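Values quoted throughout were computed directly from the atomic coordinates according to the rules given, and no laboratory measurement underlies them. All values derive from a computational prediction rather than experimental measurement. No Cβ is skipped: glycine too gets one built from the backbone with ideal geometry, and neighbour counts run over all protein chains shown.
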Amino acid sequence: MLRHGPRFLLSRASAASMGWRRQFATDLPAETAGDSKFVEAWKKVIPNIDPPKTPSAYMAPRPPTPSTIPSKLTVNLVLPYSSILSGKEVDMVIVPATTGHMGVLPGHVATIAELKPGILSVHEGNDVSKYFLSGGFAFVHANSVADIIAIEATPVDQIDPNLVQKGLAEFQQKLNSASTDVEKAEAQIGVDVHSALNAALTG
Amino acid sequence: MAMAALRREGRRMAAPLITPHPINPLRSSLASSDREHTLLGVRSISTQVVRNRMKSVRNIQKITKAMKMVAASKLRAIQTKAENSRGLWQPFTALLGDTPSVDVKKNVIVTISSDKGLCGGINSTSVKISRGLHKLNAGPEKECKYVILGEKAKAQLVRDSKKDIELAFTELQKNPLNYTQVAVLADDILKNVEYDALRIVFNKFQSVVAFVPTTSTVLSPEVVEREAEAGGKLGELDSYEIEGGETKSEVLQNLTEFQFSCVMFNAMLENACSEQGARMSAMDSSSRNAGDMLDRLTLTYNRTRQASITTELIEIISGASALEG
């Protein structure tokens, strides 16, 4: 009886928590059309278990494409660690695409752009905020919403020029002394990022 | 310690009954009442046994309370990270849509679970959903493989789907989760597994007591192009200009890999939060149950103690009256 004590306690615990969970699951927003196909297919094959939710259930739907060009661009800048800008209305952004710096205004054609390390500048009225991005993707949608996804973004005034110079020199050296392709590629990436940082600080 | 308690009990009982009675019957009945297989039979379950049981239940209660505190502090640490990472997958869903019902030949189900147990039912839920998805996507010429993250799902899925498990990763939470680690993991998975669609199964953290099983779908670039041509949600994809890269397929390839690593990062953080929250609830219930059990045992203990005292009294008095009369 003593040995069964813990098992008894814990099985009661899990039963209780599963009961709690079901109570709150009804607070989620309704499903969209694509999900209903999934939900029906699920219910046919597995009738006893509730189907899992999908990401669109947790997202507010995006606004449709307006007929006239809106006056402001809505920008979302997201990183794995935080959303720096979310739903901010600005006049223009300049993104560092691999094919060069690209300006995005409201009414820009829908674009998927791959980003290289460089500066993102956000223009709103007379304010310009500059962030150094480590690379990522930028989506511009037809409804004048721009999503910029990067791994790291720091405001330019927080970058230390001495460390940038040191890093640049270090990676140049590594590039010269690299023997395998992997090392060469890594050193090349380091050189690219640090030169971009350098350009960001001076330019 | 037991002998000291025994002696204390004896002294308490012996004090009011000292003079007229010989000591021996008292001592012998004391000793015998505390032996389990006793001549007195079921009338007295030994107080010693009940006391041992109470001690162990009290220890369990302390342990589960401590585990709840630990889980609460870990949850606090990781909850802010998870909430901050929620913006990461939204642009991808806005661009590529949400297509859980896509019909492809090679499905890979990525199940995220915990390494440690005692966290309620979340791992079982994830495994049930994964099995459900496997059943849903089974069919002629279709194959469905598992990639498992975490020890608990591996233990459950190895039992009946051993041949379908492609890769298994454990000990992911030794160091706090960060994007670099997840990116390397995602790269590993994408390199070693052939896929048309990746379905990630995890528990989304809604609140400390609510965890919703969720599945996110990431399509391979070829399937994205196929769906874009077919129309529907991805039909607008062709209207997007592609900047950067040499060809559209190269950019789509990078996009898919980036999407997978972002979605995985968010999924792993949410699952870790759900794990800590579930553990808090489970340990809380355990502590409460242990408390209830302790109350009941205390009552039993007191009843047993009083019963054995009464039995002693009866024996002594009947012995005395037998001697006198």
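Springs between alpha-carbon atoms under 10 Å, Gaussian network over chain B: tell me which of B:L313, B:L149, B:L255 tops the mean-square fluctuations.
It is B:L313.
Using the Cα centre of chain B as origin and beta-carbon charges of +1 (Lys, Arg) and -1 (Asp, Glu), tell me which of B:S56, B:I309, B:V218 is placed farthest towards the positive end of the dipole.
B:I309
Rank-order B:162-172, A:137-147 by packing density, defined as the average count of other C-beta atoms within 10 Å over each peptide's residues, highest first.
Highest-to-lowest ranking by the protection proxy: A:137-147, B:162-172.
Could you give the dipole magnitude of segment B:192-325 about its Cα centre, charging the beta-carbon of Lys and Arg +1 and that of Asp and Glu -1, in debye to the nearest 20?
Here segment B:192-325 has a charge dipole of around 1080 debye.
Over chain B, what relative contact order in percent results from Cα pairs under 8 Å that are six or more residues apart? Let's see the in-between values first.
Numbers: 395 pairs, mean separation 89.5, N = 325.
This gives 28 percent for chain B.
How large is the charge dipole for segment A:57-185, taken about the Cα centre, if only the Cβ atoms of Lys, Arg (+1) and Asp, Glu (-1) carry charge, to the nearest 20 debye?
160
Given chain B, what percent of its DSSP beta bridges are antiparallel, to the nearest 5?
Working: 11 of 27 bridges.
Around 40 percent antiparallel, to the nearest 5.
Evaluate the charge dipole of segment B:57-133 about its Cα centre and quote only its size in Debye, nearest 20, assuming +1 on the Cβ of each Lys and Arg and -1 on the Cβ of each Asp and Glu.
540
Efficiency by 1/(1 + (r/R0)^6): what FRET value for A:V128 and A:T99, r their Cβ-Cβ distance, R0 = 22 Å, to the nearest 0.05?
The calculated FRET efficiency here is 0.50.
Distance between the C-alpha centers of segment B:75-102 and segment B:217-262? Whole Å please.
Rounded to whole Å, the Cα centres lie 18 Å apart.
Give, in nm to one decimal, the length gained when the segment between B:A322 and B:S73 is fully stretched (0.36 nm per residue of separation minus the Cα-Cα distance).
So the extension gain works out to 82.9 nm.
Work out the charge dipole of segment A:66-203 with +1 on the Cβ of Lys and Arg and -1 on the Cβ of Asp and Glu about the Cα centre, then indicate which of A:A142, A:G118, A:A97 is farthest towards its positive end.
So the residue we want is A:A142.
For a bin width of 5 Å, list the pair-distance distribution of segment A:59-203 built from all Cα-Cα distances, rounded to whole %.
The calculated distribution, bin by bin, is 2, 10, 17, 20, 17, 13, 8, 6, 4, 2, 1, 0.
B:E236 to B:K65: FRET efficiency via 1/(1 + (r/R0)^6), r the Cβ-Cβ distance, R0 51 Å, to the nearest 0.05?
Numbers: r = 54 Å, r/R0 = 1.07.
So the FRET efficiency works out to roughly 0.40.
What value, in deg cm²/dmol to 500, does the helix sum -39500 (n - 2.57) over DSSP H runs of n ≥ 4 give at 222 nm once divided by the residues of chain B? Show your work: numbers first, answer last.
Details: 9 runs with 196 residues, N = 325.
Here the helix-only value at 222 nm equals -21000 deg cm²/dmol.
Kirkwood Rh and Cα-based Rg: tell me the resulting Rg over Rh for chain B, rounded to two decimals.
Result for chain B is an Rg/Rh of 1.31.
What is the P(r) of segment B:65-155, as percent of Cα-Cα pairs per 5 Å bin from 0?
The percentages, shortest bin first, are 3, 11, 14, 16, 19, 18, 10, 6, 3, 1, 0.
Could you work out how far apart the two model spin labels at A:S36 and B:T247 are, taking each label as a point 7 Å from the Cα in the direction of the beta carbon, and quote it in nm?
4.0
Taking H as built 1.01 Å from N, whose amide H comes closer than 5 Å to the amide H of A:M102, not counting residues under 5 places away?
Amide H neighbours of A:M102: A:V95, A:A97.
Give me the number: length gained by fully extending A:T154 to A:S82, i.e. 0.36 nm times residue separation minus the C-alpha to C-alpha distance, one decimal in nm.
Values: separation 72, 0.36 × 72 = 25.92 nm, distance 1.18 nm.
Extending this stretch completely gives an extra 24.7 nm.
Filter the cross-link list A:K53/B:K162; B:K74/B:K174; A:K44/B:K106; A:K43/B:K116; A:K72/B:K248; A:K43/B:K128 down to pairs whose alpha-carbon distance in this structure exceeds 23 Å. Please report the intermediate quantities before stating the final value.
Working: A:K53/B:K162 27 Å; B:K74/B:K174 13 Å; A:K44/B:K106 21 Å; A:K43/B:K116 31 Å; A:K72/B:K248 29 Å; A:K43/B:K128 14 Å.
Correct reply: A:K53/B:K162; A:K43/B:K116; A:K72/B:K248.
Taking Cα atoms of segment A:65-111, Rg/Rh with Kirkwood Rh, to two decimals?
Numbers: Rg = 12.0 Å, Rh = 12.0 Å.
Taking Rh as the inverse mean 1/r over Cα pairs, Rg/Rh reads 1.00.
Using a Förster radius of 22 Å, what is the FRET efficiency between B:D187 and A:R62 based on their Cβ-Cβ separation? Nearest 0.05, please.
So the FRET efficiency works out to roughly 0.15.
Which far-off residues, 5 or more places away or on another chain, put their amide H under 5 Å from the one on B:F169, with H placed in the peptide plane?
Amide H neighbours of B:F169, under 5 Å, 5+ apart: B:I148, B:L149, B:G150.
What percentage of all Cα-Cα pairs in segment B:162-268 are separated by more than 21 Å?
That fraction is 47 percent.
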